[in-house]
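The values are calculated or read from the model by the stated rules, or taken from the named source; none is laboratory data. As the structure is a prediction and not an experimental result, all values here were calculated from the model. Using ideal geometry, Cβ is built from the backbone for each residue, glycine included, and neighbour counts are taken over all protein chains shown. The accessibility values were calculated without ligands, DNA or RNA, using every heavy atom of the protein model including side chains. Shrake-Rupley method; radii C 1.70, N 1.55, O 1.52, S 1.80 Å.
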Amino acid sequence: MARFRALALNWGPTIVFNVVLPYLTYMVLTDRGVSTVAALAISGVWPAVEVLGIFLIKHRVDDFGVLALVVVGLGVLSALVFRSASLVLVKDSAATGLFGLVLLGSLLMRRPLMFYFGRKFGTDGTEEGLARWNGLWEYAGFRRVQRVLTLVWGVTYLAEAVARIVLSYVLPTSTMVLISTVMPIVVTGALVAWTILYARRSRAAAVRRNPAAFST
C-alpha cells in the first residue's frame, strides 16, 4: 500500500499537468478558433507550472516535466515551419524526427536523456529511490545501458520520421492518414517492449557482476 501511494503521488501530478490539462487546454482553445501554434504554446504552461512547483517544493527539477516542455516546443516549431495544408502529415513526422534528434543530441551530455526518463519510470519518486537510481551511474555497465537505450530510441524515431515523410510523397493521402496514426504507435510499442527485455537482461548481467549495487 505504501509503495502504491508513493507511485500515485509520483505519477498523479505528472499525468494531470503533462497530459490531461495540456490536452484539455489545447482542445478548448482550438475549438474556440485559436490557432494551432498558439494553442500548443499555451498548453505548455501546465508542464511549466509543474516543473516550477516541484522545484520550489522539493528543490529539484522534474525530468518528465522538462521533457513535456521539449515536446511542446517541438510541436510549436514544426507547426511554424510546416504551415501549408499539404504538409500536415509531414509536420507530424517532423515532430517525431526532432524528438529523435534531441535524444541523439543528449548523448553529448554528461547523462543521456533516457537516464532521466528511466529515473521517472524506474523509481517511486521518493528521495531514496532517486538517490539509488543516481548511484547506479557509477557503474560502467549501467552507463552503457542508458547510452544504448538513448541511441536506439533516437535512431528509431528519426528513421520512423524519415520513412513517414518519404511515404507522404509516395502514397495517397487517405493511406497516409492511416499509416501516420498507426505507425508511431507500433514503433513506440516495439521500442517499449525491446527496452523492457533489454533492461531485464542488462540488469541480470549487472547483478551477477555487482550484486551489492542491487541489494535491498
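Table: residues versus (1) of a type in the set (K, R); (2) at pLDDT 85 or above.
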| residue | (1), (2) |
| --- | --- |
| L89 | no, no |
| T126 | no, no |
| G129 | no, no |
| R132 | yes, yes |
| R144 | yes, yes |
| G154 | no, yes |
| E160 | no, yes |
Taking interchain pairs and intrachain pairs at least six residues apart, which have beta carbon atoms under 9 angstrom, with the first residue in the stretch 48-61 and farther than 21 Å from P22 by Cα and among the polar types (S, T, N, Q) and the second at pLDDT below 70 and assigned to a helix (DSSP H, G or I)? none
So A68, is it at pLDDT below 75, open to solvent by less than 20 Å² (accessible area, probe 1.4 Å), part of a helix (DSSP H, G or I) and not aromatic (F, W, Y): yes
Filter pass, A94 being over 16 Å from the mean Cα position of the chain (by Cα), at pLDDT 70 or above and part of a helix (DSSP H, G or I): no
Taking the stretch 111-165 and the residues there that are farther than 23 Å from A204 by Cβ and among the aromatic types (F, W, Y), the one that is surrounded by the most Cβ atoms within 10 Å (Cβ to Cβ) would be Y157
